[in-house]
1. Which distances in nm, rounded to one decimal and ordered from shortest, link the label point of A:Gln217 to the equivalent label points in the other identical copies, with labels set 7 Å from Cα toward Cβ?
2. Can you list the distances in nanometres, one decimal and ascending, from the B:His103 label point to the identical position in each other copy, with the point 7 Å along Cα to Cβ?
3. Separation between the A:Ala173 and B:Glu37 pseudo-spin-labels, each 7 Å from Cα along Cα→Cβ, expressed in nm?
4. Name the lysines eligible as straight-distance cross-link partners of A:Lys79: C-alpha to C-alpha under 20 Å, and not fewer than 8 places from it in the same chain.
5. Which value in nm describes the separation of the simple spin-label points at A:Arg209 and A:Arg182, placed 7 Å from the Cα toward the beta carbon?
6. Please give the Cα centre distance for region B:175-223 versus region B:1-72, rounded to the nearest Å.
7. Please state the charge dipole magnitude for region A:1-78, taken about the Cα centre, from unit charges on C-beta atoms (+1 on K and R, -1 on D and E), reported in debye and rounded to the nearest 20.
8. Can you check how the C-alpha radius of gyration of region B:10-72 compares to 2.2 N^0.38 Å, as a plain ratio?
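The values are calculated or read from the model by the stated rules, or taken from the named source; none is laboratory data. Since the model is a prediction, treat every value here as computed from it, not as a measurement. Here Cβ is always computed from backbone atoms with ideal geometry, including for glycine, and neighbour counts include all displayed protein chains. Heavy atoms of the whole protein, side chains included, go into the accessibility calculation; ligands, DNA and RNA do not. Shrake-Rupley method; radii C 1.70, N 1.55, O 1.52, S 1.80 Å.
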2 protein chains.
Amino acid sequence: MVAKPAGESIAHKVERQLRSDILSLALPPGARISEQEIGELYGSSRQPGREALISLAKSRLVEILPQRGAVIARISVSKLMQAAFVRETIEKAVAKAACNSFHFHARSRLDDCLVEQERAALAGDRTTFRRFDDLFHRLLAEGAGLPMAWTVVEDLKAHIDRACCLSLRNAEALQRLVAEHRAILAAIDARDVSAAEQALNLHLSDLLRDLPRLEAQHPDLFE
Amino acid sequence: MVAKPAGESIAHKVERQLRSDILSLALPPGARISEQEIGELYGSSRQPGREALISLAKSRLVEILPQRGAVIARISVSKLMQAAFVRETIEKAVAKAACNSFHFHARSRLDDCLVEQERAALAGDRTTFRRFDDLFHRLLAEGAGLPMAWTVVEDLKAHIDRACCLSLRNAEALQRLVAEHRAILAAIDARDVSAAEQALNLHLSDLLRDLPRLEAQHPDLFE
DNA sequence: CCTTCAATGATTGTATGGAAGTGTATGCCG
DNA sequence: CGGCATACACTTCCATACAATCATTGAAGG
């Protein structure tokens, strides 16, 4: 049995690829993009490209101008700050629930997750790092018995991730994030709600502190 | 100039209609539905029906079984409770922000909103009532300077609204909800954070209290 | 020189044909 | 009568054709 006997539809593959390219800023905000060129880029027809665009428009990563075309959305500071705020309130509530009780299985996976993430940080492998960063927050929600909280946070991250990507250009920042993850987990293990909330606040406000610099440095990426 | 010279794409119209029909339980959970019959139902081809299905699948209102078809999603008690919890944490944060400062324009629109909603409640017009219920929560978020909080809550409502629809079969319940809205607004006007949070908690837990009865009464609608 | 208007090109929105996949029913064989 | 293979019906998924809409360009007229 092969790993992936095809499994996924072309439209989904295109969507994932395109989302990744947008989040990594490989496709610059403000650039126009048509269904046709997405199709050509992937060796398929317009249809999968169209469906990918519709999906990404729901995440606000592209903006569809009716009857005219689509553009890669610029980073909105206002939306970013709102998304960060909402995310923080959700994750604090998750942490509070986690302090109350935590599923054993998720807890053990979190240890592995942190090890892998630290390895990626040391290797400077941002792609892998980000994958385990997501996994950390997802496992936190699952362990607290609130898996849906992660799906909400995941949507919010669309507004945050590109700025995050800009901010994490130096390797020591990656290791700091891992340390913050450990602090969050330690507070939850100790069932110390206020410590957990404080650790989360620190973790999520890293980016906001860096935001003015990013905006000054890359004015064309912001709206 | 006519009011709407067409304006919206067929796909969007189909999506809205289908979403409405699912939320109102006109289309029963568990029923299968194909692109073709959606198209026929609306006098269009399969394409708009397909796009509507994809959109609704993102809201988890339908479940797409790859290469096989789509079914109207059943109401998940687990998802409902998680969504209600996350929603409550978000709206409490919104209320807290609202106590701090509130945009004048949104505040004045809220008064109108409540009047209209009460009128709908007295007339027993559930459709209009629901529209102004949404508007109330949206204006709350906008007034607090967090319009994005509403978009998140709106997504969460997909998991909640059908049960809510079942619960509100008697007219006095509608008027109670309006009174709860007034209580929330009064607490915000008084800048009393804990009163606002308490009023919101009461408002949103109405449904949860009723949930066991609904599940017993309509077992086929739940998963 | 500026405004107006028609032609052109590009892009989306819609319809439809065809390929591939899945579950079911049917008929055959033991 | 039960188990198995094959054929069939149904659906999604992808490709492509067509129509409608919008921006741009360029020319004509004031």
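1. The projected label point of A:Gln217 is separated from its counterparts by 5.9 nm.
2. So the distances to the same position in the other copies read 3.9 nm.
3. With each label placed 7 Å out from Cα toward Cβ, I get 5.3 nm.
4. Here the lysines satisfying the reach criterion relative to A:Lys79 are A:Lys58, A:Lys92, A:Lys157, B:Lys92, B:Lys96.
5. The modelled label-to-label distance comes out at 1.9 nm.
6. So the separation of the two Cα centres works out to 30 Å.
7. Numbers: 11 positive and 8 negative charges, 36 e Å.
In debye, rounded to 20, region A:1-78 gives about 180.
8. Details: Rg = 10.2 Å, N = 63, 2.2 N^0.38 = 10.6 Å.
My calculation over the Cα atoms of region B:10-72 gives 0.96.
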